[in-house]
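A short worksheet on the structure shown next.
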Amino acid sequence: MITKRKRKPFIEENAIGQYIRMSPHKARRIIDQIRGRSYETALMILDFIPYRARHPILKLVYSAASNGNHNKDFDKTSLFISKAEVNEGTTIKRLKPRARGRSYLIKRPTCHITIVVETLDEYEILPFWYQEQESRKKKFIFF
């Protein structure tokens, strides 16, 4: 079950893909390579990686960056992938007919992929009341 989590509302944006028809193990193999990278580097990696599972992940990375650009005016060059996770979804079950009237169960796994991008320009994105609180903090000077 996907639960809501605490977010940094001013510096991050996300994209969620649910019930994607691929094995979570195969999707994790690609997600592990782009986690923590900048947006442009992640796109370059996903363009040249030779796995079929890269296509829905590439669409989600594009979507997360576009969400940040449209909703919060993030610059796409200053984005990086702060969190990328793959969760197991429901398993689709199908019956395949076999000899002598029997049937075998075919299991088709699905997964849920979450991509979270953050901006590096933290101070410019925060509202004025957050910026004032940071400047009001007492600074201790030790001699």
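The values are calculated or read from the model by the stated rules, or taken from the named source; none is laboratory data. Computed from a predicted structure; not experimentally measured. Ideal geometry is used to build each Cβ from the backbone, glycine not excepted, and the neighbour counts take in all protein chains shown. For the accessible areas, the whole protein counts, side chains as well, though only heavy atoms, and no ligand, DNA or RNA atoms are used. Shrake-Rupley method; radii C 1.70, N 1.55, O 1.52, S 1.80 Å.
Ranked from highest to lowest mean number of other Cβ atoms within 10 Å per residue, what is the order of the peptides 90-96, 106-112, 24-30, 75-81?
So the peptides 90-96, 106-112, 24-30, 75-81, ranked by packing, come out 24-30, 75-81, 106-112, 90-96.
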Rounded, prolate or oblate: which one fits the range 1-121, using the alpha carbon gyration tensor with axes a ≥ b ≥ c (rounded when a/c is under 1.5, else prolate when a/b beats b/c, else oblate)?
prolate
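In nm, what is the difference between 0.36 nm times the number of residues separating Ser66 and Ala99 and their Cα-Cα distance?
Contour length minus Cα-Cα distance gives 6.8 nm.
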With θ set to phi - 60°, apply the Karplus curve 6.51 cos²θ - 1.76 cosθ + 1.60 along the range 42-47 and write out the HN-Hα couplings as whole Hz, x wherever there is a Gly or Pro.
5, 5, 5, 5, 5, 5
Round to a whole number: what % of the accessible area of the range 1-122 belongs to carbon and sulfur, probe 1.4 Å?
49
